[in-house]
Amino acid sequence: MKSPSLDRVFSRIYILKLVHASPSTVMNLVDRLREYGLELNIRSLRPILRSLMIARAITAELVEGSGRVYCITDSGRDELERYLSHLDVLKRDGGGGA
């Protein structure tokens, strides 16, 4: 099985963080990700959203006038917390090495 690229992992973290803050449409996610310097288009974002849905980390609901709106699940909150705790460890350790 091919491991995910670092960009894909960080995109996944950002998406979880963004939908945790507020339910979002694809276009809203694209715009908000660009604010963080992640240049994803809808075509590259959809597979990540699909994998998060398969993992039951997010759900999608059709909302009249808005289209598909993505929301985080309890499983997604757990996944986000795991990612953030790993990043905290890296930040604390500083990676000083030898």
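The values are calculated or read from the model by the stated rules, or taken from the named source; none is laboratory data. The structure displayed is predicted, hence computed values, not measured ones. All Cβ positions, even for glycine, are placed from backbone atoms using ideal geometry, and neighbour counts span all protein chains on display.
Key figures for this structure:
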| quantity | calculated |
| --- | --- |
| Helices (runs of 4 or more DSSP H) contained entirely in the stretch 24-98, each with at least 2 residues that are out of contact with any Leu (no Cβ under 7 Å at 6 or more places or on another chain) and basic (Lys, Arg) | 42-54, 74-93 |
| Subset of the stretch 26-39 (residues that are of a type in the set (D, E, K, R) and over 12 Å from the mean Cα position of the chain (by Cα)) | Asp31, Arg34, Glu35, Glu39 |
| Boolean, Tyr70 is surrounded by 13 or more Cβ atoms within 10 Å (Cβ to Cβ), under 17 Å from Tyr14 (Cβ atoms), in contact with a Pro (Cβ under 7 Å, 6 or more places away or on another chain) and touching a residue at least 24 places away in the same chain (Cβ under 8 Å) | yes |
| Search result, residues across the stretch 1-45 that are surrounded by 13 or more Cβ atoms within 10 Å (Cβ to Cβ) and of a type in the set (S, T, N, Q) | Ser11, Ser24, Thr25, Asn28, Ser44 |
| Scope the stretch 27-73; condition touching a strand residue (DSSP E or B) at 6+ places or on another chain (Cβ under 7 Å), of a type in the set (A, V, I, L, M) and over 20 Å from Leu84 (Cα atoms); matching residues | Ala60, Leu62, Val63, Val69 |
| From Ile48, Ile54, residue being exposed (fewer than 13 other Cβ atoms within 10 Å of the Cβ) and either under 14 Å from Ile15 (Cβ atoms) or touching a residue at least 40 places away in the same chain (Cβ under 8 Å) (or both) | Ile54 |
| Subset tally (residues that are touching a Phe, Trp or Tyr at 6+ places or on another chain (Cβ under 7 Å) and at pLDDT below 90) for the stretch 34-70 | 2 |
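Quick grid of which residues meet (1) within 15 Å of Leu29 (Cβ to Cβ); (2) of a type outside the set (A, V, I, L, M); (3) over 11 Å from the mean Cα position of the chain (by Cα):
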| residue | (1), (2), (3) |
| --- | --- |
| Asn41 | yes, yes, yes |
| Ile48 | yes, no, no |
| Leu62 | no, no, yes |
| Gly67 | yes, yes, yes |
